[in-house]
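To start, the structure under review is shown below, and the notes come after it.
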Amino acid sequence: MKYIAHRGLLDGPNKEKENKPEQIEYTLKQGFDCEIDVWKIDEIFFLGHDSPQYEIEKQFFSLA
């Protein structure tokens, strides 16, 4: 069975942590896969559910 952390969360909803790059990195290091919300605006990538909140580098996607 494969477990996938929704928006990088392991313990239920948390608006302050969801899609936050540090939370995604933590979750991946714990051995889970993550479903994340990605935005691309003018060749710049962001994480965030309702809006682009956290700017990330393209290399962020190679963490998994």
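The values are calculated or read from the model by the stated rules, or taken from the named source; none is laboratory data. Predicted, not measured: the structure shown is a model, and the values here were computed from it. Neighbour counts are summed over all protein chains in view; Cβ atoms, including those assigned to glycine, are modelled from backbone coordinates with ideal geometry. Accessible surface areas use protein heavy atoms only, side chains included; no ligands, DNA or RNA. Shrake-Rupley method; radii C 1.70, N 1.55, O 1.52, S 1.80 Å.
A few remarks follow.
- Surrounding net charge for Glu35, when Lys and Arg each add one and Asp and Glu each subtract one, Cβ distance under 12 Å: -1
- Ranking Ile41, Gln53, Leu63 by Cα position along the charge dipole of the chain, where only Lys, Arg, Asp and Glu carry charges on their C-beta atoms, puts Leu63 farthest toward the positive end.
- Amide H to amide H distances under 5 Å link Ala5 with Asp33, Cys34, Glu35, where only residues 5 or more positions off or on other chains count and H is placed in the peptide plane.
- Charge dipole (debye, nearest 20) of region 4-64; +1 at Cβ of Lys and Arg, -1 at Cβ of Asp and Glu: 140
- HN-Hα J in Hz across region 31-40 - Karplus 6.51, -1.76, 1.60, θ = phi - 60°, x for Gly and Pro: x, 9, 7, 10, 9, 10, 9, 10, 10, 10
- Candidate lysines for bridging to Lys40, where Cα separation is under 19 Å - those fewer than 8 sequence places away on the same chain excluded: Lys20, Lys58
- Probe 1.4 Å - accessible area at Ile4, Å² to nearest ten: 100
- Proximity of backbone amide H atoms, modeled 1.01 Å from N, is registered between Ile56 and Phe45, Phe46, Leu47 at under 5 Å, excluding neighbours fewer than 5 places apart on the same chain.
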